[in-house]
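Below: the structure, in structure tokens.
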Amino acid sequence: MNLRERLSRGEFVITCEAGPPKGTDVGPALEEADRLGRYVHAFNVTDLQSSVLRMSSCALCTLLKARGHEPILQVTCRDRNRLALQADLLGAWALGIENVLALTGDHPVLGDHPGAWPVFDLDSVQLVAAIRELNRGRDLAGNELQGHPDFLVGAVVNATAKPLEPHLAKMRLKAQLGVGFFQTQTVYDPQAYLEFVRKVEGLGVPILVGVIPLKSAKMARFMNENIAGVHVPEPIIQELEAAKTKEDREKRSVDICARIVRAVKPYAHGIHLMPMGWDFLVPQILDQAGI
Amino acid sequence: MLVAELKPTEEILGYLRPGERVFILSCNGCVASVGAGGEKAIADLRAVFSQNGHAVTGSLLAPFACNKALVGLRLLREEPALSQAHVLFVAACGVGVQAVAQVVDKAVYPATNTVTYGAFQGLWPGEERCQRCGQCLLAYTGGICPLTTCAKGLLHGPCGGSHEGECEVEKGRPCGWQKIYDRLSKIGRLDLLHQCRTPHDRKAHLEVPGTRRRSTLWDLERLED
Ligand code: SF4
Ligand code: SF4
């Protein structure tokens, strides 16, 4: 069963982030996917995350597909104009990629090539609209396509952003354009997530909640300072700070994640895990969360 | 040499809801020399509105609309006519329209597309406010330019990096889309965020249309060359 079918049946979906390598050595990424494959339904492959140069998302998606995994292609508006975006999407479909996650993309100044031209010819709403047109057999200029894709399109939303309202307005537009699912930025405050859900219930689009295991108090602070749109509340940071050994830190990390997943599970249609190198904790997190 | 042109009539009328009354502000500075401001724009716009069922409550010819303090003072004197209007149309460059939007708590719409500045940045210094994109969007964004105030030039609301009113790009830099949201909320036009915009026409500012070049100032410069 593929992701689209799982979502339409209302199954609780588990997706996991996969990061292409910095270089050509794809071995570790593929091995990690092989280890996690039995726990997750699809791998969501990042597109130059945080504007740091890596191998293309489409290449790793294709390699994952060849090993029997289901990929989700992340596509950002940061590096390609409307021509290149459409060209790459048509190519991805021809390579067997059926799912796309459309997002704005971080600004290049946050990455390792800060002088790169920030393209943003389309924004994420227009990218979703463009994919919808391709799915209908037309390009953005209205020209007919010979053979067309039928992507399942996902979009992202920051569920715990403050203030939330401007983000909700944009989310509603994406829902109007018919996105198949929303994926949230990582959530550390289940209460804030519930407030968000109450406001968007009527949209009728499945929501996958983002989860990043915290490795340490230092990492939590770093994310608060440096990762756009992430906020770890102080009590969680203190909980991690109290850990004395590596084992204790891992245990607390699993506890925190499982606790958040349990709290949001009744109000979500799935989770999106971003293990950031701690993929060995994924089975424990899912187990403790009762999934 | 600044070049701007009046927007197509259908677009101008498209901003208005039935029966809305308008006030016209026209800049007598740079745009006047290319026929997109001055007395001519007031006459042109008056004709468009009155022929299409929109009463014009008054008009003002402002020396330089991009001089925010001055234009604010001049508008004070127009208060009676201004208070009768639902919306303002401004025939000025993108900076001028934004300056007026900042001093008036009503919807302020651009009547023009700003195509180029020839390096002139207006009399409202502080930051670059208009990228002369040639397809002015200020009617949809509460008179705050999304292309200059948003670090990514987004057209449909904030990216995921907007947090507590700050942009992801730099500490202390305000998020343009938070500003736009607050402004639309203030003038009661949050409904503008429920519409999808077609992709921006990027070529509109790349080439100044030949017809716009035939101005006295342009010709004078060419003679001097
Ligand atoms: S949208 Fe912005 S850049 Fe374009 S003309 Fe208006 S003010 Fe200038
Ligand atoms: S944070 Fe705001 S201003 Fe900065 S890029 Fe995102 S939407 Fe634009």
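Things to note:
- Rolling a 1.4 Å probe over the protein heavy atoms gives chain A an accessible area of 42 Å² per residue.
- Spin-label model distance (nm) - A:Lys22 vs B:Ala69, 7 Å beyond Cα toward Cβ: 5.0 nm
- Fraction of antiparallel bridges per DSSP, the protein assembly as shown only, in percent to nearest 5: 15 percent
- If you plug the beta carbon distance of B:Ala43 and A:Gln176 into 1/(1 + (r/R0)^6) with R0 = 30 Å, you get a FRET efficiency near 0.15.
- For region B:172-198, residues shielded by at least 20 square angstrom of accessible area compared with the chain on its own, probe 1.4 Å: B:Gln178, B:Tyr181, B:Leu193, B:His194, B:Cys196
- The distance separating the Cα centre of region A:1-73 from that of region B:36-59 comes to 58 Å.
- Whether chain B is rounded, prolate or oblate, judged on the alpha carbon gyration tensor where a/c under 1.5 counts as rounded: oblate
- Cα-based helix-to-principal-axis angle, A:82-94 vs chain A, degrees rounded to 10: 80 degrees
- Within region A:98-138: Cβ-based charge dipole about Cα centre, in debye rounded to nearest 20 (Lys, Arg +1; Asp, Glu -1): 260 debye
- Angle between chain A longest axis and helix A:246-264 axis [Cα atoms, degrees, rounded to 10]: 60 degrees
- A helix-only calculation puts chain B at -9000 deg cm²/dmol for mean residue ellipticity at 222 nm, using -39500 (n - 2.57) for each DSSP H run of at least four residues, averaged over all residues.
- Fraction of beta bridges assigned by DSSP in region B:3-140 that are antiparallel (%, nearest 5): 20 percent
- Cα coordinate range in region A:142-275, projected on the principal axes (Å, largest first): 62, 32, 28
- When you filter the trypsin sites (Lys or Arg not before Pro) in region A:224-291 for DSSP loop state and at most 15 other Cβ atoms inside 10 Å of their Cβ, you are left with A:Lys244.
- Centroid-to-centroid separation of region A:186-201 and region A:138-176 [C-alpha atoms, Å]: 20 Å
- The alpha-carbon atoms of the protein assembly as shown, seen along their principal axes, cover 75, 51, 44 angstrom, with the largest extent given first.
- Rounded to the nearest 10 Å², the accessible area of A:Ile271 at probe 1.4 Å: 0 Å²
- Accessible area in the full protein assembly, largest first, 1.4 Å probe, for B:Tyr181, A:Tyr267: A:Tyr267, B:Tyr181
- Once C-alpha pairs closer than 8 Å and six or more residues apart are averaged by separation and normalised to the residue number of chain A, the relative contact order reads 16 percent.
- For the protein assembly as shown, the carbon plus sulfur part of the accessible surface works out to 52%, probe radius 1.4 Å.
- Buried area at the A-B interface (accessible, heavy atoms, 1.4 Å probe, summed, Å²): 2400 Å²
- Heavy-atom accessible area per residue - chain B, 1.4 Å, Å²: 44 Å²
- Distant-in-sequence amide H partners of B:Ala91 (H built 1.01 Å from N, under 5 Å): B:Leu25, B:Ser26, B:Cys27, B:Ala111
The values are calculated or read from the model by the stated rules, or taken from the named source; none is laboratory data. Note that the structure is predicted; figures quoted are calculated from it, not measured. For neighbour counting, all protein chains shown are included, and Cβ atoms are generated from backbone atoms with ideal geometry for every residue, glycine included. Note: accessible area is taken over every heavy atom of the protein model, side chains too, but ligands, DNA and RNA are not part of it. Shrake-Rupley method; radii C 1.70, N 1.55, O 1.52, S 1.80 Å.
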